[in-house]
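Take a look at the structure below.
No value in this document is a laboratory result; all are computed from the given coordinates. Quantities reported herein were computed from a predicted structural model and do not represent experimental measurements. Counting neighbours? That spans all protein chains shown, and the Cβs are built from the backbone with ideal geometry, glycine included.
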Protein chains: 2
Amino acid sequence: MTEAQDEAGAFRALADPTRRQILEDLRGGELAAGEIAARFAISAPSISRHLGVLKGAGLVTERREGNRILYALAEDRLAACIGRFLSAVCPEQIVLRHTKWRPRAQNEGS
Amino acid sequence: MTEAQDEAGAFRALADPTRRQILEDLRGGELAAGEIAARFAISAPSISRHLGVLKGAGLVTERREGNRILYALAEDRLAACIGRFLSAVCPEQIVLRHTKWRPRAQNEGS
DNA sequence: TAGACATTTAGCTAAGTTGTTAAATACTCG
DNA sequence: CGAGTATTTAACAACTTAGCTAAATGTCTA
């Protein structure tokens, strides 16, 4: 059930173009909230809320560094959240290669 | 440009859990609007609008057969629409296998 | 502690989404 | 044509979302 929730949260988060762009921007590495806001034409509070949504969906992580708050992309989480749906709907076209994510210790059944 | 629009439309369409479930259900083959509606607890008009959104996003196709309207999943389109974003954001975890519509191989082993 | 900077939270408005029911459209059959 | 079935369109209420500005919070430095 957590998984379904994750999926729902991730897809809702991805519905907004600004949030998708933020994720793309984070591909280049950590960015402070202000650095992210500077890349868009909308206000810092708006970006802050977008970051909150992304964090809530588990798609980014945050860490404080002094004055600023640095955000980082959680690629493995993103892949995990939307992966189930993708392999259910178009497994021929998209292949999940879950590299990290999952401690590899437990047996995960089939 | 059209591509970005497609991407936006696809992600917006995928934001709703009912629409995602419809896509999953269509994995089993064509379904009439009424057959789809019967699988959900919401009214036929609501389902009809969801189908309209999916069709608008290019994620399903429709064809009339007599009385009924049959919907089919457009897997390749789905993969294409969200594929660019996925390979931009988590290329390590997700592999795009953009098939040119391979005629189903009987044996799918290597 | 005060001041400056970075970020978030609060409160508001406008616009969009999802569900409903009732009515319209489209097709088949007698 | 008229009835029956399948589906969509129209009109509306409830809720959510995304933007803004102003104010609060958190952290550094002096």
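Label-to-label distances across copies for B:ARG84, with labels 7 Å out along Cα→Cβ, in nm, shortest first?
Nearest to farthest, the other copies are at 2.9 nm.
Starting from a Cα-only point model with no solvent, please compute log10 I(q)/I(0) by Debye for the protein assembly as shown at q = 0.08, 0.11, 0.13, 0.18 1/Å.
-0.33, -0.60, -0.82, -1.34
With θ set to phi - 60°, apply the Karplus curve 6.51 cos²θ - 1.76 cosθ + 1.60 along region A:58-64 and write out the HN-Hα couplings as whole Hz, x wherever there is a Gly or Pro.
Running phi through 6.51 cos²θ - 1.76 cosθ + 1.60 with θ = phi - 60° gives x, 7, 9, 10, 10, 8, 7 Hz.
Could you list which residues have their amide H under 5 Å from that of B:ILE69, counting only those 5 or more apart in sequence or on another chain, with H placed in the peptide plane?
HN-HN under 5 Å from B:ILE69: B:ALA33, B:GLY34.
Select from B:ASP16, B:ASP25, B:ASP76 the residue whose mean-square fluctuation is largest in a Gaussian network model of chain B (Cα-Cα springs shorter than 10 Å).
Ranking B:ASP16, B:ASP25, B:ASP76 by mean-square fluctuation puts B:ASP16 first.
What average count of beta carbons from other chains do you get within 10 Å of the Cβ of residues in A:72-78?
Partner Cβ neighbours, averaged per residue: 3.
State the Cα centre-to-centre distance between region B:1-74 and region A:39-64 in whole Å.
31 Å
Calculate the spin-label point distance for A:THR61 paired with A:ALA88, positioning each point 7 Å from the Cα along the beta-carbon direction, and give it in nanometres.
Placing both labels 7 Å beyond Cα along the Cβ direction yields 2.8 nm.
Taking just the alpha-carbon atoms of region A:1-90, what radius of gyration and Dmax come out, in angstrom?
Here Rg and the maximum Cα pair distance are 13.3, 44 Å.
B:ARG39 to A:LEU96: FRET efficiency via 1/(1 + (r/R0)^6), r the Cβ-Cβ distance, R0 25 Å, to the nearest 0.05?
According to the calculation, E is roughly 0.45.
Label-to-label distances across copies for A:ARG64, with labels 7 Å out along Cα→Cβ, in nm, shortest first?
Taking the point 7 Å beyond Cα along Cα→Cβ, the inter-copy spacings are 6.4 nm.
Can you list the copy-to-copy distances for B:ALA38, using a point 7 angstrom from Cα toward Cβ, in nanometres, shortest first?
Inter-copy label distances (nm, one decimal, shortest first): 6.0.
When the helix-only estimate is applied to chain A (DSSP H runs of n ≥ 4, each -39,500 (n - 2.57), divided by the residue count), what is the mean residue ellipticity at 222 nm, nearest 500 deg cm²/dmol?
-16000 deg cm²/dmol
Just flag the trypsin sites (Lys or Arg not before Pro) in region A:1-56 sitting in loop per DSSP whose Cβ has no more than 16 other Cβ atoms within 10 Å.
Counting only loop positions with at most 16 other Cβ atoms within 10 Å, the trypsin sites (Lys or Arg not before Pro) in region A:1-56 are A:ARG27, A:ARG39.
Using the Karplus curve 6.51 cos²θ - 1.76 cosθ + 1.60 with θ = phi - 60°, what ³J(HN,Hα) values do you get for each residue of region A:13-24, in whole Hz, with x for Gly and Pro?
Rounded to whole hertz, the list is 5, 6, 5, 9, x, 5, 5, 5, 5, 4, 4, 4.
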